[in-house]
1. Scan region 152-165 for residues that are among the charged types (D, E, K, R) and either part of a strand (DSSP E or B) or not assigned by TED's automatic domain parsing to the domain that holds Met235 (or both) and report the count.
2. Quick test for you: out of Arg193, Arg171, Arg155, pick the one residue that is surrounded by 13 or more Cβ atoms within 10 Å (Cβ to Cβ) and charged (D, E, K, R).
3. Quick one: how many residues across region 68-96 are within 17 Å of Gly126 (Cα to Cα) and crowded, with 20+ Cβ neighbours inside 10 Å?
4. Pull out all pairs, ordered by first then second residue, where Cβ-Cβ is under 8 Å, the residues are six or more apart or on different chains, the first lies in region 226-242 and is in a helix (DSSP H, G or I), and the second is near the ligand (Cβ under 9 Å from one of its atoms) and aliphatic (A, V, I, L, M).
5. Would you pick out the residues in region 166-205 that are in a loop (DSSP other than H, G, I, E, B), closer than 25 Å to Pro219 by Cα and away from the ligand (no atom under 16 Å from the Cβ)?
6. Condition check: touching a residue at least 24 places away in the same chain (Cβ under 8 Å), of a type outside the set (Gly, Ala, Ser) and assigned to a loop (DSSP other than H, G, I, E, B). Does Arg263 satisfy that?
7. Find the helices (runs of 4 or more DSSP H) located wholly in region 35-151 whose residues include 2 or more that are within 16 Å of the ligand (Cβ to nearest atom), and list them.
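The values are calculated or read from the model by the stated rules, or taken from the named source; none is laboratory data. No experiment lies behind these values; they were computed from the predicted model shown. Note: ideal-geometry Cβ built from the backbone for every residue, glycine included; neighbour counts use all protein chains shown.
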Amino acid sequence: PETGTQEFPIPANVFAETVTSVTHYTDRLFAFRMTRPQSFRFRSGEFVMIGLPNAEKPVYRAYSIASPAWDEELEFFSIKVPGGPLTEHLQKIKEGDTVLMRKKPTGTLVHDALIPGKRLFMFSTGTGIAPFASVLRDPETYEKFDQVILTQTCREDAELTYGRELVEHMRTDEMMQEIVGEKQLLLHATATREGETKGERVTTLIENGKLFSDLGIEPLDPKTDRAMICGSMAMLKDVEKILQTRGFEEGANNAPGSYVVERAFVD
Ligand code: A2P
(Lines give C-alpha, C1' and ligand atoms only; values in the text may rest on other atoms or scores of the structure.)
Protein backbone atom coordinates (compact mmCIF):
# COMPACT_ATOMS: atom_id res chain seq x y z
CA PRO A 1 0.00 0.00 0.00
CA GLU A 2 1.22 3.57 -0.75
CA THR A 3 1.30 4.80 2.82
CA GLY A 4 2.47 1.49 4.21
CA THR A 5 -0.41 1.26 6.67
CA GLN A 6 -1.70 -2.11 7.85
CA GLU A 7 1.43 -3.92 6.74
CA PHE A 8 2.45 -4.53 10.33
CA PRO A 9 0.35 -5.46 13.35
CA ILE A 10 -0.69 -2.59 15.63
CA PRO A 11 1.75 -2.54 18.57
CA ALA A 12 0.39 -3.09 22.07
CA ASN A 13 -0.34 -0.13 24.35
CA VAL A 14 -0.87 2.49 21.64
CA PHE A 15 -4.03 3.96 20.19
CA ALA A 16 -4.64 3.27 16.48
CA GLU A 17 -6.75 6.14 15.13
CA THR A 18 -8.29 6.92 11.75
CA VAL A 19 -7.42 10.05 9.74
CA THR A 20 -10.57 12.09 9.03
CA SER A 21 -9.08 14.96 6.96
CA VAL A 22 -5.78 16.29 5.62
CA THR A 23 -5.04 19.88 4.55
CA HIS A 24 -1.81 20.83 2.78
CA TYR A 25 -0.79 24.48 3.25
CA THR A 26 2.57 24.62 1.48
CA ASP A 27 5.06 22.07 0.18
CA ARG A 28 6.49 22.15 3.73
CA LEU A 29 3.38 22.28 5.93
CA PHE A 30 0.19 20.30 6.41
CA ALA A 31 -2.47 19.68 9.04
CA PHE A 32 -4.53 16.57 9.68
CA ARG A 33 -7.36 15.50 11.91
CA MET A 34 -8.06 12.04 13.26
CA THR A 35 -10.48 10.22 15.52
CA ARG A 36 -10.00 10.61 19.27
CA PRO A 37 -10.09 7.60 21.55
CA GLN A 38 -12.98 7.72 24.05
CA SER A 39 -10.65 7.29 27.01
CA PHE A 40 -8.02 9.82 25.90
CA ARG A 41 -7.84 12.95 28.08
CA PHE A 42 -5.36 15.81 27.73
CA ARG A 43 -4.89 19.45 28.67
CA SER A 44 -4.93 22.03 25.85
CA GLY A 45 -1.29 22.74 24.91
CA GLU A 46 0.07 19.23 25.60
CA PHE A 47 1.85 16.95 23.15
CA VAL A 48 1.76 13.23 22.37
CA MET A 49 4.03 10.80 20.56
CA ILE A 50 2.67 9.79 17.19
CA GLY A 51 3.82 7.28 14.58
CA LEU A 52 2.69 5.14 11.66
CA PRO A 53 2.07 1.38 11.52
CA ASN A 54 4.57 1.01 8.67
CA ALA A 55 7.35 -0.82 10.50
CA GLU A 56 7.81 -3.55 13.08
CA LYS A 57 9.09 -0.85 15.44
CA PRO A 58 7.34 2.38 14.42
CA VAL A 59 9.20 5.70 14.67
CA TYR A 60 7.46 8.07 17.11
CA ARG A 61 7.84 11.85 17.26
CA ALA A 62 6.48 14.44 19.69
CA TYR A 63 3.54 16.34 18.22
CA SER A 64 1.61 19.07 19.94
CA ILE A 65 -2.12 18.50 19.83
CA ALA A 66 -3.47 21.50 17.91
CA SER A 67 -7.12 20.91 18.78
CA PRO A 68 -8.57 21.98 22.13
CA ALA A 69 -9.36 19.54 24.96
CA TRP A 70 -13.11 19.72 24.23
CA ASP A 71 -12.84 18.71 20.55
CA GLU A 72 -14.12 15.23 19.69
CA GLU A 73 -11.32 14.81 17.14
CA LEU A 74 -7.55 15.41 17.39
CA GLU A 75 -5.75 17.87 15.10
CA PHE A 76 -2.03 18.13 14.32
CA PHE A 77 0.01 20.66 12.33
CA SER A 78 3.17 19.22 10.81
CA ILE A 79 6.23 20.07 8.85
CA LYS A 80 7.28 17.83 5.91
CA VAL A 81 10.94 16.95 6.14
CA PRO A 82 12.38 15.30 3.01
CA GLY A 83 13.84 12.03 4.27
CA GLY A 84 12.53 12.69 7.80
CA PRO A 85 12.02 9.31 9.55
CA LEU A 86 8.37 10.07 10.34
CA THR A 87 7.29 13.08 8.26
CA GLU A 88 8.50 11.61 4.97
CA HIS A 89 5.67 9.07 5.36
CA LEU A 90 3.26 11.09 7.47
CA GLN A 91 2.94 13.78 4.78
CA LYS A 92 1.41 11.15 2.47
CA ILE A 93 -1.44 10.14 4.78
CA LYS A 94 -4.98 10.25 3.49
CA GLU A 95 -8.46 10.07 4.97
CA GLY A 96 -9.06 6.57 6.31
CA ASP A 97 -5.39 5.82 7.07
CA THR A 98 -4.24 4.73 10.52
CA VAL A 99 -2.05 6.86 12.81
CA LEU A 100 -0.59 5.48 16.04
CA MET A 101 -0.57 7.52 19.22
CA ARG A 102 1.08 6.68 22.54
CA LYS A 103 -1.33 6.92 25.41
CA LYS A 104 0.25 9.54 27.67
CA PRO A 105 0.03 13.25 26.81
CA THR A 106 2.44 15.68 28.51
CA GLY A 107 3.79 19.19 28.18
CA THR A 108 4.45 22.56 29.77
CA LEU A 109 2.41 24.92 27.57
CA VAL A 110 -0.57 24.57 29.88
CA HIS A 111 -2.47 26.91 32.17
CA ASP A 112 -1.41 24.86 35.20
CA ALA A 113 2.21 25.98 34.67
CA LEU A 114 1.40 29.72 34.66
CA ILE A 115 0.54 32.00 37.56
CA PRO A 116 -2.56 34.20 37.07
CA GLY A 117 -2.19 37.29 34.87
CA LYS A 118 -4.08 39.70 32.62
CA ARG A 119 -2.46 39.17 29.20
CA LEU A 120 -1.29 35.90 27.68
CA PHE A 121 1.40 36.09 24.99
CA MET A 122 1.96 33.01 22.82
CA PHE A 123 5.18 33.32 20.81
CA SER A 124 5.72 30.84 17.95
CA THR A 125 7.81 30.15 14.88
CA GLY A 126 6.69 27.72 12.16
CA THR A 127 4.80 24.67 13.46
CA GLY A 128 5.41 25.99 16.99
CA ILE A 129 1.96 27.52 16.59
CA ALA A 130 0.34 24.06 17.02
CA PRO A 131 -0.03 23.99 20.83
CA PHE A 132 -1.37 27.56 20.71
CA ALA A 133 -4.02 26.51 18.19
CA SER A 134 -5.21 24.30 21.04
CA VAL A 135 -4.87 26.85 23.86
CA LEU A 136 -6.57 29.64 21.93
CA ARG A 137 -9.65 27.50 21.32
CA ASP A 138 -9.96 26.62 25.02
CA PRO A 139 -12.55 28.54 27.07
CA GLU A 140 -10.21 28.41 30.09
CA THR A 141 -7.85 30.78 28.25
CA TYR A 142 -10.47 33.53 28.16
CA GLU A 143 -11.63 32.78 31.70
CA LYS A 144 -8.05 33.36 32.91
CA PHE A 145 -6.91 36.24 30.67
CA ASP A 146 -8.41 39.50 29.36
CA GLN A 147 -6.22 39.65 26.29
CA VAL A 148 -4.59 36.83 24.31
CA ILE A 149 -1.80 37.75 21.89
CA LEU A 150 -0.55 35.15 19.40
CA THR A 151 2.58 35.77 17.35
CA GLN A 152 3.91 33.62 14.54
CA THR A 153 7.17 34.13 12.68
CA CYS A 154 7.67 32.15 9.46
CA ARG A 155 9.96 32.46 6.47
CA GLU A 156 7.21 32.75 3.87
CA ASP A 157 3.80 34.35 3.88
CA ALA A 158 1.97 31.15 2.86
CA GLU A 159 3.27 29.48 6.03
CA LEU A 160 1.17 31.90 8.08
CA THR A 161 -2.13 30.71 6.54
CA TYR A 162 -2.98 28.06 9.16
CA GLY A 163 -2.73 30.59 12.01
CA ARG A 164 -4.49 33.36 10.11
CA GLU A 165 -7.42 31.08 9.21
CA LEU A 166 -7.65 29.85 12.77
CA VAL A 167 -7.85 33.35 14.24
CA GLU A 168 -10.34 34.37 11.53
CA HIS A 169 -12.44 31.34 12.52
CA MET A 170 -12.36 32.48 16.16
CA ARG A 171 -13.70 35.84 15.07
CA THR A 172 -16.44 34.66 12.70
CA ASP A 173 -17.69 31.30 14.02
CA GLU A 174 -20.60 31.70 16.42
CA MET A 175 -19.48 29.02 18.85
CA MET A 176 -15.92 30.35 18.87
CA GLN A 177 -17.15 33.91 19.42
CA GLU A 178 -18.90 32.59 22.51
CA ILE A 179 -15.66 31.03 23.75
CA VAL A 180 -13.74 34.31 23.37
CA GLY A 181 -16.66 36.29 24.77
CA GLU A 182 -15.82 39.86 25.82
CA LYS A 183 -12.10 39.07 25.82
CA GLN A 184 -9.67 39.94 23.04
CA LEU A 185 -7.65 37.69 20.73
CA LEU A 186 -4.88 39.39 18.72
CA LEU A 187 -2.60 37.96 16.03
CA HIS A 188 0.74 39.31 14.87
CA ALA A 189 2.10 37.24 11.97
CA THR A 190 5.28 38.02 10.04
CA ALA A 191 7.09 36.46 7.09
CA THR A 192 10.81 37.15 7.53
CA ARG A 193 12.04 36.35 4.03
CA GLU A 194 9.52 38.15 1.84
CA GLY A 195 7.07 41.02 1.62
CA GLU A 196 6.68 44.05 3.85
CA THR A 197 7.63 42.20 7.03
CA LYS A 198 10.97 40.96 5.69
CA GLY A 199 13.50 40.73 8.53
CA GLU A 200 10.83 41.08 11.21
CA ARG A 201 11.53 38.25 13.64
CA VAL A 202 9.38 38.43 16.76
CA THR A 203 12.52 38.95 18.83
CA THR A 204 13.37 42.08 16.83
CA LEU A 205 9.78 43.28 17.12
CA ILE A 206 9.77 42.89 20.90
CA GLU A 207 13.10 44.70 21.26
CA ASN A 208 12.20 47.63 18.99
CA GLY A 209 8.63 47.80 20.30
CA LYS A 210 6.99 47.39 16.89
CA LEU A 211 5.04 44.32 18.04
CA PHE A 212 3.25 46.45 20.62
CA SER A 213 2.77 49.58 18.52
CA ASP A 214 1.41 47.49 15.62
CA LEU A 215 -1.19 45.95 17.93
CA GLY A 216 -1.84 49.12 19.91
CA ILE A 217 -0.97 47.49 23.24
CA GLU A 218 1.41 48.15 26.14
CA PRO A 219 4.93 46.66 26.12
CA LEU A 220 5.74 43.49 28.09
CA ASP A 221 5.24 43.73 31.85
CA PRO A 222 5.97 40.76 34.12
CA LYS A 223 3.38 41.99 36.64
CA THR A 224 0.45 41.56 34.23
CA ASP A 225 1.77 39.37 31.43
CA ARG A 226 2.29 35.64 31.04
CA ALA A 227 3.99 33.98 28.07
CA MET A 228 4.21 30.65 26.31
CA ILE A 229 7.01 29.99 23.80
CA CYS A 230 7.20 27.31 21.11
CA GLY A 231 9.54 27.21 18.12
CA SER A 232 13.06 26.36 17.03
CA MET A 233 15.78 25.93 19.65
CA ALA A 234 17.40 29.23 18.62
CA MET A 235 14.10 31.10 18.89
CA LEU A 236 13.30 29.61 22.31
CA LYS A 237 16.69 30.71 23.61
CA ASP A 238 16.38 34.24 22.24
CA VAL A 239 12.81 34.84 23.43
CA GLU A 240 13.65 33.38 26.86
CA LYS A 241 16.62 35.70 27.17
CA ILE A 242 14.41 38.72 26.45
CA LEU A 243 11.77 37.58 28.94
CA GLN A 244 14.31 36.84 31.68
CA THR A 245 15.95 40.24 31.17
CA ARG A 246 12.54 41.79 31.74
CA GLY A 247 11.91 39.91 34.97
CA PHE A 248 9.90 36.90 33.80
CA GLU A 249 10.50 33.56 35.53
CA GLU A 250 10.09 30.12 33.97
CA GLY A 251 7.24 27.98 35.22
CA ALA A 252 6.59 24.24 35.24
CA ASN A 253 3.66 22.00 36.07
CA ASN A 254 4.85 21.58 39.67
CA ALA A 255 6.01 25.22 40.05
CA PRO A 256 4.00 27.75 38.01
CA GLY A 257 5.79 30.86 36.77
CA SER A 258 5.30 33.81 34.43
CA TYR A 259 6.45 32.04 31.28
CA VAL A 260 6.69 28.49 29.92
CA VAL A 261 8.64 26.86 27.08
CA GLU A 262 8.08 23.64 25.13
CA ARG A 263 11.24 21.76 24.23
CA ALA A 264 9.74 18.80 22.33
CA PHE A 265 10.47 18.74 18.61
CA VAL A 266 9.45 17.16 15.35
CA ASP A 267 12.20 15.50 13.29
P1 A2P B 1 14.70 34.17 9.59
O2 A2P B 1 14.04 34.08 8.26
O3 A2P B 1 15.20 35.54 9.92
O4 A2P B 1 15.74 33.11 9.83
P5 A2P B 1 13.45 28.20 10.69
O6 A2P B 1 12.74 27.62 9.50
O7 A2P B 1 14.89 28.48 10.48
O8 A2P B 1 13.15 27.47 11.97
O9 A2P B 1 12.80 29.64 10.89
C10 A2P B 1 11.42 29.83 11.00
C11 A2P B 1 11.16 31.27 11.30
O12 A2P B 1 11.71 31.60 12.58
C13 A2P B 1 11.84 32.21 10.31
O14 A2P B 1 10.96 33.27 10.05
C15 A2P B 1 13.09 32.65 11.04
O16 A2P B 1 13.53 33.94 10.69
C17 A2P B 1 12.59 32.68 12.47
N18 A2P B 1 13.67 32.51 13.42
C19 A2P B 1 14.76 31.71 13.31
N20 A2P B 1 15.56 31.83 14.38
C21 A2P B 1 14.97 32.74 15.19
C22 A2P B 1 15.31 33.30 16.46
N23 A2P B 1 16.44 32.96 17.07
N24 A2P B 1 14.47 34.20 16.98
C25 A2P B 1 13.34 34.55 16.35
N26 A2P B 1 12.96 34.07 15.16
C27 A2P B 1 13.76 33.17 14.58
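1. 0
2. Numbers: Arg193 fails: surrounded by 13 or more Cβ atoms within 10 Å (Cβ to Cβ); Arg171 fails: surrounded by 13 or more Cβ atoms within 10 Å (Cβ to Cβ).
When all the criteria are applied, what remains is Arg155.
3. Total meeting the criteria: 6.
4. Between residues of region 226-242 that are in a helix (DSSP H, G or I) and residues that are near the ligand (Cβ under 9 Å from one of its atoms) and aliphatic (A, V, I, L, M), the close pairs are Met235/Val202; Val239/Val202.
5. Within region 166-205, Gly181, Glu182, Lys183 meet the criteria.
6. Values: touching a residue at least 24 places away in the same chain (Cβ under 8 Å): yes; of a type outside the set (Gly, Ala, Ser): yes; assigned to a loop (DSSP other than H, G, I, E, B): yes.
So Arg263 passes the test.
7. In region 35-151, the matching helices (runs of 4 or more DSSP H) lie at 130-135.
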